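A short worksheet on the structure shown next.
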Amino acid sequence: MTKKKAGAHSALADTPPPPSSLIICRNKHWRYISSFHGPWLQLPPEILESLAHQNYTMPAPRLVDPAVFYDVVNIRKAVDEAAQDSVRASTGISNTGQSGRMDYFGAPSGPAGQLSKERIFKIRQKAVKSLSKAFTLDEVAASVATMQATSTVEDVARHVLKREGSNTDAKYVHFFHEKIPSRCMEQYTPLDPLDDVIASLPSEQQGPPLRTRALVQIFKSQWDGAAADLTMALRITEEIKRTHQPNQQQLELASRMREEQEAW
């Protein structure tokens, strides 16, 4: 079974792309991305967050599900932060260099500060972690947000993997930013990278990549595998909810404390 799977993956990797096809990032092929097109991609993050708070305080039924709105806000923040970090790493100039070094009289002083290779790598690691957080929240919304961001975000995971091949966040992000032939997502999207990501994570963190793998299997019409992955992801989510829910003793204690405060 393993040999058969490995052979299929090898054959897939050896398949040459169509001669005239456009090579673009996998996340640009993602289905349903039109569902997340809108002004949230251009609005300043502070205004977007303010709108999310206003939506939350509205009486039900709200215009937008608060959980979805706050996820979108957090995705924008994470992608914007990753874009800034990836640009900074690609230019190799420190923040002080970008803003200009000044002397005591406010005049420019000296050349811009250059970042060391180690510092550039750390910045790229940070950018990858931010992007991984965005894709973990919602891969479709994150795909749309990264398409609107600077092109440097598309290569940041690849740079990290060159030096740290076992970085799980980088593997997950690179899955979305790997370049494949246009309109050939089903043929050029093996499940192996996601299998590797899922196997590298503790069980309580496997929900998001399981959801991603289920979506890929839906694209491939592999319905049984998609249903199994979504079922497992839901079980993990429910278990996490149970773990964080207060028990009966905690609820009784909170109720008693509230009664005492009101009596006082």
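Once backbone amide H atoms are built at 1.01 Å from N, residue 24 has 180, 182 as its partners under 5 Å, excluding neighbours fewer than 5 places away on the same chain. Computed from backbone phi with θ = phi - 60° and the Karplus coefficients 6.51, -1.76 and 1.60, the 3J(HN,Hα) list for region 143-154 is 4, 5, 5, 6, 5, 8, 7, 5, 5, 5, 5, 5 Hz; x is used for glycine and proline. Model label sites at residue 37 and residue 60, defined 7 Å from Cα along the beta-carbon direction, differ in position by 3.3 nm. Given 126/241; 179/220; 133/162; 126/171, which pairs have Cα atoms separated by over 23 Å? Violating the 23 Å limit, Cα to Cα: 126/241. From most to least packed by mean Cβ count within 10 Å, the peptides 201-209, 72-80 give 72-80, 201-209. Residues 219, 135, 121, 69 in ascending order of nearby Cβ atoms (within 10 Å, fewest first): 219, 121, 69, 135.
Of the residues 157, 130, 72, the one whose Cα sits farthest toward the positive end of the charge dipole of region 21-189, with +1 on the Cβ of Lys and Arg and -1 on the Cβ of Asp and Glu, is 157.
Every number in this text was worked out from the coordinates using simple rules, so none of it is lab data. Keep in mind the model is a prediction, meaning the values are calculated, not measured. Glycine gets a Cβ as well: all are built from the backbone with ideal geometry, and neighbour counts include every protein chain shown.
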